[in-house]
Amino acid sequence: AAKIGAELARANQFLRSAAGAPGSARSLSDDLEVEAGAELALSAALGARLSAAVVEDRAAGGALLDRAKRDGGRALVADVEGSNPSPATSTPPAPGARPFVDLIRGPEPALSLARRLLADAWLVEALDDVPDSFTGVAVTAAGRAWLGATRELQQAAEGGAERVLAMRNQRDALIAQSETHVQAEHEAGKGVESASQAVGAADASRDEAERERRDAERAYAEAKESERQAAWLMQERRKAPEQGEAAVRRAQLEGELTSERRVAEQAAKARAERTQRIAHLEAQLARDTALGPAAGRVADVLAIVHEAVMERMREMESALAADRAEGDVVAQELRACAASEAEIQQRLGERNELVTRAEVRAQQLRDQEAEAALELTALAEKLELAAEPREEPLPVEEAVQLRQRIERLVKRREQLGPVNPLAKQEYDEAVAHVDEMERQRTDLETALRELRAFIRDTDRLIRTTFTETFEAAAKNFEELSQTLFPGGGGRLTLVREDNAPRAVLGGASAEDSGDGSSDVEAEAAAEAAADAEAAADEGGIDPDDDLGVEIEITPAGKSMKRLTLLSGGEKTMTAIAFLFSVFLAKPCPFYILDEVEAALDDLNITRYLDLLQTHADRAQFIVVTHQKRTMEAADTLYGVSMGNDGVSKIVSRKMPKDYVADAEAAQGEPVGAGAP
């Protein structure tokens, strides 16, 4: 939303600063809007008239040009209502040509004036399709224009008045996008608020559960102590039943004494923890007090920045409100134009219906004429007479018989119903459409088969590559685990989630495929089943399976453990073994190891350094460490030290084996402390 707001402000700034007509008047381009992509074509069709001022009469135009003086200018006199109707456009000069009067929109009188200027102007795809006999104006979207009346070819330069039209279209699109993003931002804010409330409720539930857990642990400890005392008393009674109640009382006192001692120890421990906590809080309070002035200065700066941002937001909101007001005016005009267009379309539909009825009636009359001519010819042939009118009228009885026969034929024709003269054409179009759909279906099925073949090849390559890489990594892990855990071992295994849903080609689940599937879907299902069987026969991996890698490690003298049950050093050695097993399977140029040996003892550090030295000829290892033994084993050491002037200095030199000891003896501090 902020990015679109910046673009919208830039567009408004350009529209406000764009040069208008001479004398600070509104130009024709200020009142016109054109379909996106046709701005340069409209500029080529209108030329300098696009930047001309629109005035009410010639007197106003003369006054405007007088104010312009030597700067020059151009003024267009608006049409008087009812005096200059829009002339009718000519025949399109080329297939697909569109008249400019259909591409522009805007308020009156600028729209009426533009229609008169663009009466015979057309937007075409290419000028090569325009015939030489065309006398109007033909323009391409790239700004190439042909003026048929003057036989003139022009090319409009970019960066002129068409930029105002293009920037206005861009501003409308940005306003719509800005409203969409602002709405999305409000929805996201509501979601964050709901999530915050849910987090607060979860924290309260967690605190309540923690209190209940502490109460339960306290009650459990008291019950265990009571149980222990009762068991001791029972044992003592069995050993010396003759002591009686005195032994029981003594045992009770001893148990109470032990309990009091334990309570005293816990109180002393809690007192020490509180003392340590108080010291920590006092140190933290001192640090916060020292940071108070700096925080105050930062708050003052933030307040100034906030005020500047709010001022900028108010300016943008006022500009946005003005643009929205202009947009409302344009929307009202568009709704009025839409209503006029609907009325015109309705009248046009009524006229088309009348024309269609007239055409059908004319065709019926032509059919009647043809039938009468055929009938006349047939009768003339039967009677061996010429098919010409008789000089004498027919007898009355014969005329009556003919009229009765005509009436019977008319009734028979009416029973047949009206004749559709367009039925043959509609049938041919339907057949052509069906043929085209059949051809497209054939092409799609061919492409689908080729795509499935490519998918199968890709799956085979994935299975092969993954199997080879995993087998190599698993073999390397077994060898490295035996090296890093002498007497122990480890391995990598694949685990498969059998309960996960299996995907079906085309996005449908297995339950959705039924008897109504097409031949293509059946073929796809058969191919998928064949691929699965092939993968099983080859011992490979089906890419649709939900697979994971499980690490099993067995330290020396111990049973196999889960990774979460290992110590810190064992976890580190396991991770190093896994890293180097992948490294040996798929080598890289260099590796960065950041304090991986921090949890290792001296023996495991020796194994770790031996592993680095063994594979140092295959890759470069950059090690971040605080261990002196690791620094002694490095070929080159980079140390960072802080000078008296407060500037960090980086020292790099080749490392002999006794360098670390000599440097520590000379400087009195460990080399490499805090160094990368």
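Here are the numbers for this structure:
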item	result
Sorted peptide list for 272-278, 92-98, criterion being average Cβ within 10 angstrom, highest first	92-98, 272-278
Dipole magnitude of the stretch 429-477, debye to nearest 20 (Cβ charges: Lys/Arg +1, Asp/Glu -1, about Cα centre)	480
For residue 559, solvent-accessible area (1.4 Å; no DNA, RNA or ligand), Å²	80
Accessible area of residue 427 in the full protein assembly, 1.4 Å probe (Å², nearest 10)	140
Prolate/oblate/rounded call for the stretch 339-434, Cα gyration tensor, a/c under 1.5 rounded	prolate
Ranked packing of 134-147, 188-201, 593-606, most packed first, by mean Cβ within 10 Å	134-147, 593-606, 188-201
Accessible solvent surface per residue of the stretch 548-616, calculated while the other protein chains remain in place, 1.4 angstrom probe, Å²	54
Solvent-accessible area per residue, Å², over the stretch 210-349 with all protein chains present [probe radius 1.4 Å]	82
Modelled FRET efficiency - R0 41 Å, residue 3 with residue 335, Cβ distances, 0.05 increments	0.85
31 Å Cα-Cα threshold exceeded, pairs from 571/628; 224/269; 269/558	269/558
Portion, in percent, of the accessible area of the stretch 297-391 that falls on carbon or sulfur, probe 1.4 Å	60
Which of 372, 431, 421, positive extreme of dipole for the stretch 363-467 (C-beta unit charges)	431
Vicinal HN-Hα couplings computed from phi for the stretch 200-211 (Karplus, 6.51 cos²θ - 1.76 cosθ + 1.60; Hz; Gly/Pro x)	x, 4, 5, 5, 4, 4, 5, 4, 4, 5, 5, 4
For the stretch 331-346, Karplus couplings with θ = phi - 60° (6.51, -1.76, 1.60), whole Hz, Gly/Pro x	5, 4, 5, 5, 5, 5, 5, 5, 5, 5, 5, 4, 5, 5, 5, 5
Long-range HN-HN contacts of residue 593 with modeled amide H, under 5 Å	622, 623, 624
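The values are calculated or read from the model by the stated rules, or taken from the named source; none is laboratory data. Everything numeric in this text was worked out from a predicted model, so none of it was measured. As a convention, Cβ positions derive from the backbone with ideal geometry for all residues, glycine included, and neighbour counts pool all protein chains shown. To get the accessible areas, we keep the full protein, side chains included, count just its heavy atoms, and leave off ligands, DNA and RNA. Shrake-Rupley method; radii C 1.70, N 1.55, O 1.52, S 1.80 Å.
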